[in-house]
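Where a number appears in this text, it was derived from the coordinates with a stated rule and is not lab data. Please read these numbers as outputs of a predicted model, since none were measured by experiment. Here the Cβ is made from the backbone with ideal geometry for all residues, glycine too, and neighbour counts use every protein chain on show.
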Amino acid sequence: MTLRTAARNAALVVIGVAPAFPLAAQPGKIRTHAVELTIAGGYFTPTGPSGLAGGIELTPRPAWAATLHLDFNAKNGLMSVEFSTGLSPERLRQVTSGAAAIRRTHVKYGAAKIMFGRNPRKNGISFLVGGGLSVINRMKSVTDAAKSSTDFGGSAGAMLRFPIDGQVGLRLDVEDLIYKADYGRGSKLRNDLVWTAGLSIAW
């Protein structure tokens with residue numbers, strides 16, 4: 001093989017391989033994940049002292065819950081702003097003269113929180129904790145089934161997200177709705193806990 005032929009072959013190899021280098025040098029696809037939507041289901045657990053109305057003992061009881069979370073994730077991967085809403089039938093145990101009965105209050109709530117930790121902008125498992133404000137509405141109030149009631153308070157939450165693929169993840173949440181309400185025994189601090197698991201999609 002002559003020097004001229006070798007040089008020509010080398011040039012052809014360089015020309016053929018060169019276009020691949022810019023592609024190889026490019027970083028992986030940037031994870032945007034600026035917005036995340038989660039649909040979940042779980043358990044609504046009211047806590048706090050029981051109520052009293054007309055001699056009837058009133059005790060809120062747990063029930064299923066359905067929730068929706070909308071998160072706006074900060075670019076640095078360390079913070080998120082979250083809006084959540086949920087509903088639950090919430091059972092209410094009424095005891096009078098030794099007899100017990102169950103009715104439902106039908107709870108709806110909304111919350112807005114600032115969360116800190118590791119959001120889905122970063123690869124791997126995400127975890128966030130934070131707090132904010134909440135509003136809780138009962139279609140049938142605890143003390144009077146003929147009336148509705150609305151309470152305003154705070155909200156604390158934590159979430160853990162396990163990625164399934166580039167966009168979808170399994171998400172576990174716990175949210176604490178904190179407020180004061182009078183159920184016939186004076187105004188008392190109450191914590192309604194919402195435990196959920198669901199699928200989230202981030203884009």
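For region 29-202, the relative contact order is 24 percent, taking Cα pairs closer than 8 Å that sit 6 or more residues apart in sequence and dividing their mean separation by the residue count.
Ranked by how many other Cβ atoms sit within 10 Å of their own Cβ, fewest first, the residues Ser50, Ser84 fall in the order Ser50, Ser84. Distances between placed amide hydrogens fall under 5 Å for His33 paired with Trp203, all partners being 5 or more residues away or on another chain. Shown is the FRET efficiency for Leu199 and Ile102, computed with R0 = 25 Å from the Cβ-Cβ distance and rounded to the nearest 0.05: 0.20. The distance between label points at Leu70 and Leu170 comes to 2.8 nm (points 7 Å beyond Cα on the Cα→Cβ vector).
Packing here is the average count of other Cβ atoms within 10 Å per residue, and on that basis the peptides 70-79, 115-124, highest first, run 115-124, 70-79.
Length available on full extension from Asp182 to Arg93: 0.36 nm per residue minus the Cα-Cα distance, which gives 30.4 nm.
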